[in-house]
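Here's the structure we're looking at; comments come further down.
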């Protein structure tokens, strides 16, 4: 059974057209997603962390001056903080890319129909370090 486009509510027709455009742009969006990196520096600019689109460490630069006064605990904290900042950077870029793909109405509709997904989406934006810290606090 085929339905003519005249019989479809114009609002739904518009949504279908938007979905078609989104579907057609998915391969290019996926390609762009895998090109995104997150970068962060420590406040003293002695440590630079680069993560890929999935938050995995892809580069770490440590200024040799760090080793003049070695402090393993401080270096560890500096690397972890910079890593978290880099992950927040890449996550923000990915979120922005995805939000650009969908009209705001789709997000609003999804949140109305499945409010639990909004909570899950917020939790998915936490870094592994934040999740680890939360679990550690709960013990």
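When the helix-only estimate is applied to the chain (DSSP H runs of n ≥ 4, each -39,500 (n - 2.57), divided by the residue count), what is the mean residue ellipticity at 222 nm, nearest 500 deg cm²/dmol?
Computed ellipticity for the chain at 222 nm equals -20500 deg cm²/dmol.
Comparing 112, 18, 101, which has the greatest mean-square fluctuation in the GNM of the chain with Cα pairs linked when under 10 Å apart?
In this elastic network of the chain, the residue with the biggest mean-square fluctuation among 112, 18, 101 is 112.
Residue 28 label point, 7 Å along Cα→Cβ, cut-off 19 Å on backbone N: hits in region 92-109?
94-104
Relative to the compact-globule scaling 2.2 N^0.38 Å, provide the ratio for the alpha-carbon radius of gyration of the chain.
My calculation over the Cα atoms of the chain gives 1.48.
Most fluctuating residue of 61, 116, 99 in a GNM of the chain with Cα springs under 10 Å: which is it?
Its mean-square fluctuation being the largest, the pick is 116.
Which FRET efficiency, nearest 0.05, do residue 128 and residue 105 yield, Cβ-Cβ r, R0 25 Å?
Calculated transfer efficiency: 0.15.
List the relative contact order of the chain as a percent without decimals, with contacts defined as Cα pairs under 8 Å and 6+ residues apart.
The normalised contact order for the chain reaches 20 percent.
For the chain, modelled as a Gaussian network with Cα springs under 10 Å, which listed residue fluctuates most, 113, 33, 46?
Judging by the Gaussian network model, the answer is 113.
On full extension of the chain, what length is gained from residue 62 through residue 14, given 0.36 nm per residue of separation minus the C-alpha to C-alpha distance? Numbers along the way, then the final one.
Numbers: separation 48, 0.36 × 48 = 17.28 nm, distance 5.19 nm.
Roughly 12.1 nm would be gained on extension.
With a point put 7 Å past each Cα toward its Cβ, work out how far residue 135 is from residue 69 in nm, to one decimal.
Here the answer is 3.5 nm between the modelled labels.
Could you give the distance between the Cα centres of region 34-53 and region 91-114, to the whole Å?
Cα centroid to Cα centroid, the span is 25 Å.
What FRET efficiency would be calculated for the residue pair residue 39, residue 76, taking the C-beta separation as r and a Förster radius of 22 Å, to the nearest 0.05?
Details: r = 20 Å, r/R0 = 0.90.
E(calc), rounded to 0.05, equals 0.65.
Read-outs: derived from the displayed coordinates by stated rules, not from any lab. Computed from a predicted structure; not experimentally measured. Here Cβ is always computed from backbone atoms with ideal geometry, including for glycine, and neighbour counts include all displayed protein chains.
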